[in-house]
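Structure first, then comments.
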Amino acid sequence: MSIYLITGITSYVGKGIATYLIGLKFKVYGVSRNNPEINHDCFTWIKNDLYDDSIPDISQIDCLIHCAGDGWYGKSSSHYLHANCVITDYINQYIARNNIQSCVFLSTIDVYGDNNNVLNENSLIINPKYYGLSKYYSEEIMSNNTKCLVLRLPSILGKGTHGWMSETVRKLINHEPIFYTNTLTNLFTHPTFIAKLIIEYFGKNSDSAILNVAASPPIESQLIIEYVKKHTSSNSMLKPIKKALSKDYIIDTKNLESIIKPMTIYQILDLYLHDVFDV
């Protein structure tokens, strides 16, 4: 594959994937309302609001990567229906109209809902929230394509991340105390890894698939906090809320490992800290 179209190009995820592909001299078209400010001969920005269903037709797109959509912010069911499902249906029609042979949909492990076991691609989906449900329905829409890779993603670390890790880094930088529950986890990835996975997958496979994505091996969250503390030269006090190690759900990466070697959490943290501090 040599020509990609990426929706949601101004997000840190879309921009991170595009940056990696451009670095390999792939041609990339990026769709967004605002200028992503990517200056490269291999990149073309398409100014477009996906809500209008009016992306101009482009011939010879090898793969469409659908990054656009709304993340988990506790919004209403109607908001997620439109921001994720309706827009995904527009994208699905665009793929068919332009005869794009391969596509990638960035989904989420939140589709599994309240299933707190070790999760693999065959795990039960139990009572997902509005966000997870909208992504699951979007998966179903995209699966109508003959060659679609659905990536169920954990927390994607990068400059723009929201959530536990970004808040932890903020507190460490400000030398604030950190109170935490020590859990075993592998729920992280990085845009660079997602780009590498897409290239590897379509280089080896011609079928559609659903893949869970995560780091490997799982490690304790205490080790994660200590690692970031060391690399931010923080004086924050670290205080566990419970002494015993808690077990949250983790992702089984067996199928992922058949395609590509997962990044370790430490490798992901190094990339994330590089993104945050521009070093």
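The values are calculated or read from the model by the stated rules, or taken from the named source; none is laboratory data. As the structure is a prediction and not an experimental result, all values here were calculated from the model. Methodologically, a virtual Cβ is constructed for each residue, glycine included, from the backbone with ideal geometry; neighbour enumeration extends over all protein chains shown.
Considering HIS274, HIS231, HIS175, the condition of being over 16 Å from the mean Cα position of the chain (by Cα), on the phi > 0 side of the Ramachandran plot and not charged (D, E, K, R) is satisfied by HIS175 alone. Contact map, the stretch 208-229: first residue charged (D, E, K, R), second residue in a helix (DSSP H, G or I), Cβ cut-off under 8 Å, separation 6 or more or different chains; pairs are LYS229/LEU172.
Mind checking whether some residue in the stretch 118-126 is surrounded by fewer than 17 Cβ atoms within 10 Å (Cβ to Cβ), in a strand (DSSP E or B) and touching a Pro at 6+ places or on another chain (Cβ under 7 Å)? No. LYS239 passes every criterion in (1) farther than 21 Å from THR108 by Cβ; (2) touching a residue at least 24 places away in the same chain (Cβ under 8 Å); (3) not in a strand (DSSP E or B) apart from (3).
When the stretch 46-66 is filtered for residues that are among the hydroxyl-bearing types (Ser, Thr, Tyr) and under 13 Å from ILE91 (Cβ atoms), the ones remaining, listed by number, are TYR51, SER54. Scanning the stretch 221-262 for residues that are closer than 30 Å to TYR136 by Cα, of a type in the set (Asp, Glu) and at pLDDT 95 or above gives ASP252, GLU257. Within the stretch 187-198, residues that are of a type in the set (Gly, Ala, Ser) reach partners that are in a helix (DSSP H, G or I) with beta carbons closer than 6 Å, at six or more positions or on different chains, in the pairs ALA195/ILE17; ALA195/TYR20; ALA195/LEU21. The residues of the stretch 10-20 that are out of contact with any helix residue (DSSP H, G or I) (no Cβ under 6 Å at 6 or more places or on another chain) and crowded, with 22+ Cβ neighbours inside 10 Å, listed by number, are SER11, GLY14, LYS15, ALA18. Looking at the stretch 89-96, is at least one residue more than 21 Å from the chain's Cα centre (by Cα), part of a loop (DSSP other than H, G, I, E, B) and free of Cβ contacts under 8 Å to residues at least 60 places away in the same chain? Within the stretch 89-96 (the criterion being more than 21 Å from the chain's Cα centre (by Cα), part of a loop (DSSP other than H, G, I, E, B) and free of Cβ contacts under 8 Å to residues at least 60 places away in the same chain), the answer is no, since none of the residues qualifies. Residues that are in contact with a strand residue (DSSP E or B) (Cβ under 9 Å, 6 or more places away or on another chain), within 28 Å of LEU269 (Cβ to Cβ) and either surrounded by 18 or more Cβ atoms within 10 Å (Cβ to Cβ) or not aliphatic (A, V, I, L, M) (or both) are absent from the stretch 78-97 altogether. Exactly one residue out of ASP114, ASP110 is of a type in the set (D, E, K, R), closer than 22 Å to ILE17 by Cβ and surrounded by fewer than 23 Cβ atoms within 10 Å (Cβ to Cβ), and it is ASP110. The set of residues from the stretch 22-41 being surrounded by fewer than 17 Cβ atoms within 10 Å (Cβ to Cβ) and in contact with a Phe, Trp or Tyr (Cβ under 7 Å, 6 or more places away or on another chain) comprises just one member, ASN35. Tally time: how many residues in the stretch 184-231 are over 17 Å from THR264 (Cβ atoms), surrounded by fewer than 19 Cβ atoms within 10 Å (Cβ to Cβ) and of a type in the set (Val, Ile, Thr)? Count: 2.
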